[in-house]
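Every read-out reported here was derived from the displayed coordinates using simple, explicitly stated rules and does not represent laboratory data. Quantities reported herein were computed from a predicted structural model and do not represent experimental measurements. Note that each Cβ is placed from the backbone with ideal geometry, even for glycine, and that neighbours are counted across all protein chains shown.
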Amino acid sequence: MVTGQTDVALLILRVVFGLVMAGHGSQKLFGWFGGSGLTGFSEMLHRFGLRPAGLWAWISALVETFGGLTLALGILTPLAAGFLVTNLLMAILAVHWRNGFWSTNRGFEYPLTLAGGMLAVGLAGPGVYALGPNSVAGLSPLVLFAAALVLGLVGMLIAMLTGLHHAEHQPAS
């Protein structure tokens, strides 16, 4: 069981990583904070060969925005963490991988760092300072986290098989 300083550490991880993801997602979903909005995000995914770009833009923006908020609040944390990890892995594979590691070259350093934080929270659980619930239908948080990872990975596979083409590569924005 998690106690004391570990609970505070998990709270900090959840709030910081969750709010960063919610802000990042709201750039895509609403065009807030200098973002391009759903139209611009969809166009970017289209340039990277992801089809149907509009569908995947909606899914990604919703996962980032609302997954980030629920993670920060500690509500259904295992599901949010699992879906965010796989969303970030898809971003790494579809957009950032070809640019190498460092974010100065639009590489995968930043999304990998975020995915690592989400993975840690997903494995450790939300801690006691969570608004909950963090289990559903009597399933343990770890089982929910694993289920979200599997569902997210299935979604990644579907996205790759149905439309991830490498014909038109533009630099990541």
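Would the stretch 64-72 turn up any residue that is surrounded by fewer than 21 Cβ atoms within 10 Å (Cβ to Cβ) and over 16 Å from the mean Cα position of the chain (by Cα)?
no
Within the stretch 122-157, which residues are small (Gly, Ala, Ser) and either closer than 24 Å to THR6 by Cα or buried (at least 20 other Cβ atoms within 10 Å of the Cβ) (or both)?
Let us first name the residues in the stretch 122-157 that are small (Gly, Ala, Ser), namely 122, 124-125, 127, 130, 132, 135, 137-138, 140, 146-148, 152, 155.
Selection gives GLY122, ALA124, GLY125, GLY127, ALA130, GLY132, SER135, SER140, ALA146, ALA148, GLY152.
Having 3 or more residues that are β-branched (Val, Ile, Thr) and at negative phi is the bar; report the helices (runs of 4 or more DSSP H) wholly within the stretch 52-149 that clear it.
Once the helices (runs of 4 or more DSSP H) in the stretch 52-149 are filtered for at least 3 residues that are β-branched (Val, Ile, Thr) and at negative phi, what remains is 53-73, 77-91.
Pick out the one residue from LEU114, LEU29, LEU79 that is in contact with a helix residue (DSSP H, G or I) (Cβ under 7 Å, 6 or more places away or on another chain), within 30 Å of LEU139 (Cβ to Cβ), aliphatic (A, V, I, L, M) and free of Cβ contacts under 8 Å to residues at least 40 places away in the same chain.
LEU29
When only residues in the stretch 14-26 that are over 18 Å from PRO78 (Cα atoms) and touching a residue at least 40 places away in the same chain (Cβ under 8 Å) count, which is surrounded by the most Cβ atoms within 10 Å (Cβ to Cβ)?
Selected residue: GLY25.
Answer yes or no as to whether THR65 is of a type in the set (S, T, N, Q) and in contact with a helix residue (DSSP H, G or I) (Cβ under 9 Å, 6 or more places away or on another chain).
So THR65 fits the description; yes.
I'm told VAL85 meets every condition in (1) buried (at least 23 other Cβ atoms within 10 Å of the Cβ); (2) free of Cβ contacts under 8 Å to residues at least 24 places away in the same chain; (3) of a type in the set (Val, Ile, Thr) except one. Can you identify the failing condition by its number?
VAL85 satisfies every listed condition except (2).
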